[in-house]
Amino acid sequence: MKIRVDPDKCQGHARCYGLAPELFEVDDYGLSTVVGDGSVPPELEDRARLAIANCPEFAIEEV
Amino acid sequence: MRRTAPVSQWGSDFDVLDAKYVADPFLIWDQLRTTCPIAHTNRRGSTWLPTRYEDVTAIAHDIEHFSSLEVAVIPFEGEEPEEPVLPYGLPPISADPPLHTWTRRLLLPWFSHNRVESYEAMTRGLCSGLIDGFIADGRADAASDYAQQIPVRVIAHILGVSPDLSDTFTGWVRDVLEFADDHDRRVNAVQGLLEYFIEEVAKRRAEPGDDLLSELLRTEVDGAPIEDSLVLGAAALVLIAGVDTTWSAIGSSLWHLATHPADRKRMVEDPEVMSLAVEELLRAYSPVTMARIVTTDVEYAGCPMKAGDKILMNFPAANRDPEVFEDADEVILDRAHNRHVAFGSGIHRCAGSNLARMELRVALEEWLRRIPEFALAEGEEVTWAGGQVRGPRLLPVVF
Ligand code: HEM
Ligand code: SF4
């Protein structure tokens, strides 16, 4: 599984980081980016899906 | 005190200050969503009230038609001064891009994840100290003795102003938001707040510190210092936006736990559920409604909106939309799919959301650690404030 954050949609709610800090980084202005190239280790796939389902801006997607 | 005539037609003549709406808006929203999803009223000017998630978030994203130049739910009635102290209001909340964009960027780092972590120990000590003050009594007012006392002191710390003035700050914020339909109270509070910050700004200029006010005074934009009116506006905004809102969230959450023993037990026994529970309580009891002003005549979802009309950004009702949330009117502490918009949606997403979440979590953790069993005091009244910010103002509990 691989994910990405759309920087045009992300508004910095930080729900992704709260749910899966291993997969996301949030900068000082709230913008979230995926850690590394966005590849999700199998044991974190459930949490990646949770992050996708909780982002209020629909900014996270599976690629 | 009844301040307005009672409402009988919610679809065409609603009033968010109606006693029924303040006490229990949930059923009203559920009815409106199915019968008239964007309600209208002419009370206090032509105003629309969307209740569906889809509409609220779409309007929040359409900044071209829906401007933030007026975000007060209760409009200000009376003469505006000819030379206002704050010609731009309280940016970023009362601004559209481009002013919004750069003023927001000035504030965001103060409420980043890392910064907020650095305020956590102080917040925990504060909560614990408040509980020390009443735990031996076996009773307390969870709103006025606890919830109300927390955010104002955290904000005072960040602004670098005296926590001894907390009651004064709280009074001003309540007069601006909760008693906004009382013209004199509102005017006096705004004046008090501005005079206070004008003096603080002068002090910081003479003797800078490492607080938010001093930092704003040091900041240059395009090679020039920021205008004083913008520094004042930002300071006033952080106080107004960060106090009533967060204490209302803490108070509503404690009200829920006082009235739902199974949820209270679960949170005590399973501390792991805390982070999801915080989001769920924010969803179910979202405290904040904002406003927008229509920029040009537009028909939205069949509603003929006119330039100058107001839209109430009903984030609380959006968060109870059954189209988006299963069993929307139920609190499910570990709700897994929770795209709530308690902190707004789009470019005005609450700049203090990390701070608010931390305060809510720490306030609940400390309370539940020291007072795992509590209930409403029988025969005593719980009172709610509504309008722009909804939450309990009196919440007597026994333990
Ligand atoms: C549970 C507590 C809180 C809730 C529910 C809340 C809610 C909101 C909402 C819904 C907005 C969006 C406004 C809009 O769309 O017009 C907002 C904006 C804002 N909030 Fe909060 N807020 C809370 C706590 C705080 C705190 C603690 C601060 C601390 C400084 C804060 C500062 C701000 C600021 C500066 C904005 C303006 C952002 C912008 O316009 O870009 N809020 N808040
Ligand atoms: S939850 Fe969505 S909007 Fe929020 S920081 Fe993550 S990606 Fe951005």
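Under a straight-distance cross-link criterion of Cα-Cα below 17 Å, which aspartates and glutamates are reachable from A:Lys2, leaving out those fewer than 8 residues away in the same chain? Qualifying aspartates and glutamates at Cα under 17 Å: A:Glu22, A:Glu25, A:Asp37, A:Glu43, A:Glu45, A:Asp46, A:Glu61, A:Glu62. Rounded to the nearest 100, the interface formed by chains B and A buries 1800 square angstrom of accessible surface, both chains summed, with a 1.4 Å probe.
Here the accessible area of the range B:60-175 is 53 percent carbon and sulfur, with a 1.4 angstrom probe and all protein chains present. In the protein assembly as shown, helical runs assigned H by DSSP with n ≥ 4 each contribute -39500 (n - 2.57); averaged across all residues and rounded to the nearest 500, the mean residue ellipticity at 222 nm is -13000 deg cm²/dmol.
State which stretch of chain B is the longest one without any exposed GluC sites (Glu not before Pro), exposure meaning a DSSP loop state and at most 13 other Cβ atoms within 10 Å. Between the exposed loop sites, the longest stretch runs B:83-226. Carbon-plus-sulfur accessible fraction, the range B:234-390 (probe radius 1.4 Å, protein heavy atoms only): 51%. For the range B:178-223 and the range B:261-313, what is the separation of their Cα centres, given in Å? Using only Cα atoms, the two centres lie 29 Å from each other. Once the Cα atoms are used to define both axes, helix A:45-54 deviates from the longest principal axis of chain A by about 30 degrees. For a paramagnetic label modelled on B:Leu394 (point 7 Å from Cα along Cα→Cβ), amide N atoms under 18 Å away belong, within the range B:120-153, to B:139-149.
Per-residue extension of 0.36 nm, minus the Cα-Cα distance of B:Glu299 and B:Thr4, leaves a gain of 103.3 nm for this segment. Taking 0.36 nm per residue of separation and subtracting the current Cα-Cα distance, fully stretching the chain between B:Asp182 and B:Ala202 would add 4.1 nm.
At a cut-off of 10 Å², which residues of the range B:265-283 become less accessible once all protein chains are present than in their chain alone, using a 1.4 Å probe? Buried by the other chains: B:Leu276, B:Glu279. When all alpha carbon pairs of the protein assembly as shown are counted in 10 Å bins from zero, the resulting P(r) reads 4, 20, 31, 28, 14, 2, 0 %. Probing with 1.4 Å while keeping every protein chain in the model, the per residue accessible area of the protein assembly as shown equals 43 Å². Among rounded, prolate and oblate, which fits the range B:19-398 when a ≥ b ≥ c are the square roots of the eigenvalues of its C-alpha gyration tensor, a/c under 1.5 means rounded, and a/b larger than b/c means prolate? Since a/c reaches 1.5 but b/c is at least a/b, the shape of the range B:19-398 is classed as oblate. The stretch between B:Glu83 and B:Glu373 holds 99.0 nm of extra length on full extension. This uses 0.36 nm per residue minus the Cα-Cα distance.
Placing dummy labels 7 Å off each Cα toward the beta-carbon, the span from B:Glu380 to B:Asp327 is 3.2 nm.
In the range A:1-27, burial by the other protein chains removes 50 Å² or more of 1.4 Å probe accessible surface, compared with the chain on its own, from A:Gln11, A:His13, A:Arg15.
The values are calculated or read from the model by the stated rules, or taken from the named source; none is laboratory data. Note that the structure is predicted; figures quoted are calculated from it, not measured. Positions of Cβ are generated from backbone atoms using ideal geometry, with glycine treated the same way; all protein chains shown enter the neighbour counts. Surface accessibility is based on the protein's heavy atoms, side chains included, excluding ligands, DNA and RNA. Shrake-Rupley method; radii C 1.70, N 1.55, O 1.52, S 1.80 Å.
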